[in-house]
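First comes the structure, then the notes that go with it.
The values are calculated or read from the model by the stated rules, or taken from the named source; none is laboratory data. What you are looking at is a predicted structure, and each value in this text was computed from that prediction instead of being measured. Backbone-built Cβ (ideal geometry, glycine too); neighbour counts: all protein chains shown.
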């Protein structure tokens, strides 16, 4: 499922020009592999060649109580520090 979604985004051009990629936690896939590939292998395979910072394990996405992240607002992703600072959607 992750492979299909990211492949569609790549092929559509939706990721062209991104400055960084932030992804949520994939706890439900802990210990899972498909033909010896893990979710992390898939993420690296499809995103590393973008040449941008990649930050994962954030409390986003399909979780019981995810942190909302507005779309289209300024954000600063620091993969080295493991932080994503997002501007408020409304001021």
Task: Verdict on residue 3 being free of Cβ contacts under 8 Å to residues at least 24 places away in the same chain, surrounded by 11 or more Cβ atoms within 10 Å (Cβ to Cβ) and at negative phi - done: no
Task: Unmet criterion (only one of (1) over 14 Å from residue 85 (Cα atoms); (2) surrounded by fewer than 12 Cβ atoms within 10 Å (Cβ to Cβ); (3) in contact (Cβ under 8 Å) with a residue 12 or more places away in the chain; (4) more than 13 Å from the chain's Cα centre (by Cα)) for residue 63 - done: (2)
TODO: Just need a number here: residues in region 56-91 that are in contact with a strand residue (DSSP E or B) (Cβ under 6 Å, 6 or more places away or on another chain) and at pLDDT 90 or above.
DONE: 7
- [ ] Please determine, by comparing only the residues of region 6-49 that are part of a loop (DSSP other than H, G, I, E, B) and in contact with a strand residue (DSSP E or B) (Cβ under 8 Å, 6 or more places away or on another chain), which one is surrounded by the fewest Cβ atoms within 10 Å (Cβ to Cβ).
- [x] 19
